[in-house]
Amino acid sequence: MVDLRNGSTVAEFILVGFEQSSSSTRALLFALFLALYSLAMAMNGLIIFITWTDPRLNSPMYFFLGHLSFLDVCFITTTIPQMLIHLVVKNHIVSFASCLTQMYLVFGVGVAECILLAFMAYDRYVAICHPLSYAQIMSRQVCVKLVSTAWFFGLINGILLDYMTFRGPFCRDNHIENFFCEAPIVIAISCGDPQFSLKMIFADAIVVLLSPMVLIVISYARILASILGRASSSGRGKTFSTCASHLTVVIFFYTSAMLSYMNPRSTHGPDKDKPFSLLYTIITPMCNPIIYSFRNKEMKGAMVRALGRTSLAQAESI
């Protein structure tokens, strides 16, 4: 262990997580989070498979949905497996490099998902408000460029936020009051004045959260005006159903992210940070595929076909 009393630089951190919970509580949490993680991985994996292999889902909306599920898989894998291990072992130490890498991946994938959700809203706007030009505007090349843009800005933004988090030395406490390395908590235990880094992360959150949010609001405002003005009752119902799935995902993700990174740190504490963190690290990635699969007839049909092909292949192999 690093001796913190003599001012030595911290080389490792201790993730407190659910350490103070009883053994029975930790066992219950392990079973719960393992079930949620398995469900999220299975559902997102199925969506990735069917959107990339089913020719009937060969449209920009499902292209984006497949990449959203891939981002969700990456997102939950950066935090949940480590938390599950820490629920059953006593050693909660993580190295400085591991903490930095985990935070970079959380930032990079999280920002990429924010941007991708905005592009998905724009896709719905073009499909509904400019249907005759949809194939030309949202061509395969354009979709690939949009997804690449989301990844590029996410990974670049991750470098900036990692630097702002770890720019100061760590020579005091090395206990992180959460189950993964979350930036505001890590900054709070660094030496020196953390206000500059916290302000920069808050400003970055405004840009990467509110800018895509503005595009989403504008897109759906125009969609609403368009369908109320010209669509039939049946057409309105189908359009509302498709858009409602995406809007539900947006509300889940953005609400949890804003609660974590745009609230004053004075209103936070270990008991408040953990629920917010759990909401956007596992609950949202688990809810995304459920929302899309249960509210979309084409997705349900594709899932039935995929599961049917799997069952047939297993029967033939026996």
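Sort the following peptides by mean Cβ neighbour count (other Cβ atoms within 10 Å, averaged over residues), highest first: 68-78, 45-55.
On the way: 68-78: 22.4, 45-55: 17.7.
Per-residue mean Cβ counts within 10 Å order the peptides as 68-78, 45-55.
For the stretch 1-154, what is the per residue volume of the convex hull drawn over the alpha-carbon atoms, in cubic angstrom?
138 Å³
Starting from the Cα-Cα distance between SER211 and ASN91, subtract it from 0.36 nm times their residue separation and give me the gain in nm to one decimal. Display every interim value, and only then the final one.
Numbers: separation 120, 0.36 × 120 = 43.20 nm, distance 4.06 nm.
Stretched fully, the SER211-ASN91 segment lengthens by 39.1 nm.
Mind ranking 212-218, 115-121 by how tightly packed they are, going by the mean number of other C-beta atoms within 10 angstrom, highest first? All intermediate terms of the calculation are to be shown ahead of the outcome.
Numbers: 212-218: 17.1, 115-121: 23.3.
Ranking the peptides 212-218, 115-121 by packing returns 115-121, 212-218.
Using a 1.4 Å probe over the heavy atoms of the protein chains, calculate the carbon and sulfur portion of the accessible area of the stretch 1-133 as a whole percent.
65 percent
Which values, in whole Å and largest first, are the semi-axes of the equivalent ellipsoid of the stretch 44-84 obtained as the square root of 5 times each eigenvalue of the Cα gyration tensor? Mind showing how you got there, number by number?
Working: eigenvalues 125, 16, 4 Å².
Equivalent ellipsoid of the stretch 44-84: 25, 9, 4 Å, largest first.
From the residues SER59, MET258, THR101, which one has its Cα farthest along the dipole of the stretch 14-262 in the positive direction, the dipole being from +1 and -1 charges on Cβ of Lys/Arg and Asp/Glu about the Cα centre?
Selected residue: SER59.
Compute the distribution of all C-alpha to C-alpha distances in the stretch 14-262, in bins of 10 Å from 0, and list the percent of pairs in each, rounded to whole numbers.
In order of increasing distance, the bins hold 7, 26, 31, 22, 11, 4, 0 percent.
Amide H neighbours of PHE170 under 5 Å, counting only residues 5+ apart in sequence or on other chains, H built in-plane at 1.01 Å?
Distant-sequence amide H within range of PHE170: VAL10, CYS191.
The values are calculated or read from the model by the stated rules, or taken from the named source; none is laboratory data. These figures come from a predicted structure and were not determined experimentally. Here the Cβ is made from the backbone with ideal geometry for all residues, glycine too, and neighbour counts use every protein chain on show. All accessible areas refer to the heavy atoms of the entire protein, side chains included, with ligands and DNA or RNA removed. Shrake-Rupley method; radii C 1.70, N 1.55, O 1.52, S 1.80 Å.
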